[in-house]
1. Taking the Cα centre of the stretch 550-691 as origin, work out the dipole magnitude from +1 charges on Lys and Arg Cβ and -1 charges on Asp and Glu Cβ, in debye rounded to 20.
2. Counting Lys and Arg as +1 and Asp and Glu as -1, what is the net charge of the other residues whose Cβ lies under 13 Å from the Cβ of Ala694?
3. Where the Cα atoms of the stretch 384-465 are projected onto their three principal axes, how long is each span, largest first, in whole Å?
4. Counting only residues 5 or more places away or on other chains, whose amide H sits under 5 Å from the amide H of Ala476 once H atoms are built in the peptide plane?
5. So how do 713-723, 324-334 stack up, highest first, on mean other-Cβ count within 10 Å?
6. Using the basic label-point model (7 angstrom from Cα toward the beta carbon), what is the Thr511 to Asp724 distance in nanometres?
7. Per-residue counts of other Cβ atoms within 10 Å, averaged by peptide: what ranking do you get for 641-652, 503-514, highest first?
8. So, how do all the Cα-to-Cα distances of the stretch 613-739 break down into 5 Å bins, in percent, from 0 on up?
Amino acid sequence: MRFFYFLARTISYSFAVVFMTVLCGWIGAVFGYFLGTSFLISSSSEFFDLIVKWFIIAVTAVTLLHYIQFGMLTRLKIPAFFKSLRYINKYMHGNTLDTRISDDELKKLHVYISDLPLYNMIMSVAYTAFSGLLIIVLFYLDMKFHGTYNVEIMRLVVKIVGLVVLVVWILYGMSTYLITEILTGYERATCYNELLDRKIMVRPRSLSGIRVKFAFFVILMVLTMLTFAALLEKSRFFYESDTGAILIYFFIAIVAAVLLMIANTSSILRILQEMSRFAKGISTGGEARFRVLSLDSEFAAIEYGLIEMGREIEEHRRNMEMKVERRTMELQSALADLKEKDDMIQKQLDIAGTIQRGILPGKVDDWNELKFSVRYIAMEKIGGDFYDVFQLKDGKLGILVADVSGHGIPAALVTTMAKVAFGNACNRFDSPRRIFQEVNQNMIDHVKTQDYLTSFFVAIDDEYNVAYANASHQKAILLRSAENRIEFLDTNGLFIGAIEEARDSYEEKITKMRYGDRLILYTDGIPEAIDVNRTEYSVERLSETILKNSKMQIEDFTSSIVEDVQRFIGGAQVEDDITLLVIELARDEAVDIIKSAKKLVEENRYYEAIDYLERGLSLYPENKKLQYNLAKNYFRVNNFALAVEKVLSYIEGDKRNKYAYYIGGAAYYQMMDYQNAVDMLEGSLRIDQNFVNAHYALGMAYKKMGRRVDAIHSFEKVINLDSDNKMALFELNELRKMK
């Protein structure tokens with residue numbers, strides 16, 4: 001079949017069919033020759049040689065004509081002679097149907113390809129008769145040309161050729177039908193299945209019956225026996241045995257009979273197997289279609305019955321499936337609604353998580369000689385832990401670590417409110433105890449649920465004195481590097497937001513950090529982490545890990561603690577958020593320069609302070625702290641251009657200092673560059689939305705630019721944050737009087 005489809009793809013489908021069947025014609029011709037000559041009582045070798053000569057020529061010529069008629073020259077733009085063959089070649093490419101064919105054309109193609117076995121058989125019979133006639137004519141012309149014409153010999157030739165043609169009609173015609181039926185079975189089924197797919201119901205075509213095929217074998221057996229008997233009788237008549245001819249005939253007869261028997265039985269068995277497969281497919285809910293179809297009327301009736309049965313079963317199954325599908329769709333609709341709601345919730349959680357992560361400082365920039373390292377791991381999309389860093393009064397730095405009760409959206413809302421409350425409190429106070437009191441009252445006033453939070457707050461000044469307070473949070477750990485020992489920092493204090501009376505429970509203590517010391521703040525997600533055996537990590541193991549890794553760099557030190565916790569947890573589920581904030585006091589020579597410059601500023605010796613800082617910057621040109629302090633001092637002496645220059649250089653390396661943006665905005669304002677002033681002040685407010693001075697300065701810049709509505713909006717924010725701000729009230733009243 002591979003060779004057949006190779007010819008079908010490279011030349012044409014109809015040529016491939018006729019090429020395979022003509023081979024049987026040659027075998028039939030040889031068989032007929034033996035049969036015809038077996039009844040010839042003659043021993044003239046010239047006579048036989050002449051018959052063989054013109055036999056080969058005539059059959060070869062007719063074969064080529066047969067090939068050309070069926071499309072051998074299609075590739076040379078000479079198509080098959082008849083419309084049906086051209087139609088088949090147009091839409092069948094090898095064993096592939098061109099699915100662009102229309103419904104009407106598909107019906108015609110199914111008829112043409114189903115009739116191809118009968119059509120090929122008719123043409124084979126016609127060409128057989130033409131071959132016989134051609135042999136007689138050529139024989140006659142040959143004798144006339146050589147002057148050996150003999151009426152008796154001519155009559156004998158006509159009889160022999162007639163007998164041969166009769167035999168070949170039977171053998172070649174039937175074998176052509178059988179082989180063509182087998183070769184085209186898959187393509188017939190392909191066309192028929194395509195019709196069914198397009199909801200076009202037609203009966204499978206039938207051309208003959210099984211009885212006809214078996215009758216052919218009976219005729220073949222009779223002819224074989226007659227020919228064999230005639231050859232034996234001829235040998236007896238001439239008193240000589242032509243053993244070679246008998247053996248050749250015997251071999252050809254057996255081969256022809258076996259091949260035709262195999263073809264016929266294979267065709268029948270294949271159809272029976274296909275019916276069995278089709279029936280099993282229907283019973284198991286599989287595909288209800290034939291891969292090959294028979295042209296026998298008996299099988300065609302059964303196939304159509306099976307197809308009808310399959311269609312009815314499929315229809316019944318489809319009705320059942322539709323009912324199931326409706327129920328499934330109802331369930332899917334309900335599930336889709338639930339999923340849509342869940343997706344919406346998840347998106348809201350994602351947004352809430354993004355917002356929550358956005359309110360966390362992320363990387364905390366160095367402050368004076370303090371370095372920071374932070375790790376934050378949320379158990380869910382929204383965590384209950386948070387931390388923050390605040391600029392307090394008198395140049396102090398406030399550091400907060402807190403843990404809100406619960407998780408999810410309620411915890412996120414409390415976290416956001418707590419951050420705002422701490423921000424407002426840190427704008428007014430620099431005492432951890434006083435900040436806790438303010439936040440506790442604010443949370444009680446605004447949070448009406450049972451949610452609360454624990455917190456640890458430290459305030460560090462320029463001399464690295466550490467004031468701290470604990471609101472029922474984990475104790476802070478102070479690592480004394482010189483002695484490689486730890487101190488626990490703790491005070492009394494109830495939860496924040498639980499009860500109003502908690503304000504009197506808060507205490508405040510003071511310690512001092514030395515160079516090399518590290519202050520470790522953390523939430524209970526670390527000491528209360530559990531492994532698969534429900535064993536807690538514990539503060540004791542945390543202390544051991546801190547001491548063991550105390551010589552590491554600060555980032556590696558922080559990572560080592562988190563990694564040890566994760567190793568301890570192993571395959572157990574994380575049950576709480578983890579927050580770890582490490583503060584290290586590391587010597588920085590530039591800080592001594594800044595402190596000395598501050599003393600000069602306190603004595604109003606601004607230019608000496610600037611000169612001192614400039615000399616320091618020449619020693620440490622990349623030091624951002626020196627650039628920032630120079631910007632502040634240039635602003636103090638009204639050198640606004642240099643103040644802007646130093647601020648811009650500083651901001652390139654540190655974009656989280658709201659005061660740097662504020663100084664730049666104020667300097668631009670004094671230079672009457674109001675648009676740049678607005679840009680810088682908005683940068684300050686992106687860091688701290690509650691920065692009152694930045695809102696006021698922004699309002700003044702908007703006023704100068706003539707943006708009255710924006711100016712009013714800015715001054716209103718000042719009043720909301722500081723209701724006693726008389727300058728903002730004055731500007732707001734003046735703007736509202738304007739039309």
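Just so you know, all these numbers are worked out from the coordinates, no wet-lab data involved. Fair warning: this is a prediction, and the values are worked out from it, not measured in the lab. Note that we place each Cβ from the backbone using ideal geometry, even for glycine, and neighbour counts take in every protein chain shown.
1. Computed charge dipole of the stretch 550-691: roughly 560 debye.
2. -1
3. Result, largest extent first: 40, 21, 15 Å.
4. Leu489
5. 713-723, 324-334
6. 3.6 nm
7. 641-652, 503-514
8. 2, 13, 20, 20, 18, 12, 8, 4, 3, 1, 0, 0
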